[in-house]
Amino acid sequence: MRSILNRIVTVFFLVMLCGCSLIPNRTKDANDRYFYLIEMLNEHETFSDHSRYFSIEAEMAKIDNGYRYYIIIDEPQLAMYDIEVMAIEKDVDYSQNMAANIGVFEDVQYNMIPNQSNVEDGYVKGLVASGISDSPETTLYVYVQFKNADYSVVHNEYLLLPCRYEG
């Protein structure tokens with residue numbers, strides 16, 4: 001009887017060990033993606049000041065420990081699915097500071113469709129990413145990725161946004 005119980009316990013632990021190792025490590029994957037996007041933005045050379053697919057702007061506000069910038073993305077011109085946003089300032093250590101991002105760490109998918117908004121169905125009117133800067137004036141390097149409705153086309157936008165506190 002004890003032998004059967006030992007086998008059951010052993011099998012249980014083996015199943016748990018194998019099962020746990022098969023579960024994808026979302027945090028590790030998200031961290032890898034996060035640092036990959038930062039590296040990609042730092043190395044990219046060509047940036048636009050606007051997008052033909054959506055409107056984008058940056059605003060800045062004073063906070064206790066510096067300045068908070070907001071990147072507002074809205075007014076989509078076509079259906080945008082699984083949107084991902086990353087914004088950085090050059091020469092900032094993002095291993096110690098969080099870069100402004102959307103869709104990198106969340107388990108939520110962000111979608112925008114022209115003239116539609118229904119949060120329950122997963123469609124938002126617009127998105128806002130925010131980050132903290134030490135400077136009242138900066139340049140934001142922004143990456144926006146989105147897919148079309150059937151996920152057959154991936155759009156990648158590289159944008160350069162000046163941002164200044166207007167106090």
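The values are calculated or read from the model by the stated rules, or taken from the named source; none is laboratory data. Just so it is clear, the structure is predicted and the values come from calculations on it, not from any experiment. Cβ: placed from backbone, ideal geometry, glycine included. Neighbour counts: every protein chain shown.
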| task | Name every residue in the stretch 122-164 that is in contact (Cβ under 8 Å) with a residue 24 or more places away in the chain and part of a loop (DSSP other than H, G, I, E, B), in order of residue number. | result | Lys125, Asp134, Ser135, Pro136, Asn148, Ala149, Tyr151
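So that you can scan it fast, the table gives a plain yes or no per residue for (1) at pLDDT below 95; (2) under 17 Å from Val153 (Cβ atoms); (3) surrounded by 12 or more Cβ atoms within 10 Å (Cβ to Cβ); (4) not aromatic (Phe, Trp, Tyr):
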| position | (1), (2), (3), (4) |
| --- | --- |
| Tyr81 | no, yes, yes, no |
| Val92 | yes, no, yes, yes |
| Ile113 | no, yes, yes, yes |
| Gln116 | yes, no, yes, yes |
| Ala129 | no, no, yes, yes |
| task | Within the stretch 49-73, work out how many residues are loosely packed, with under 15 Cβ neighbours inside 10 Å and closer than 18 Å to Gln145 by Cα. | result | 5
| query | Here are Glu137, Glu120: which of them is modelled with pLDDT under 95, more than 24 Å from Arg33 (Cα to Cα) and not hydrophobic (A, V, I, L, M, F, W, C)? | reply | Glu120
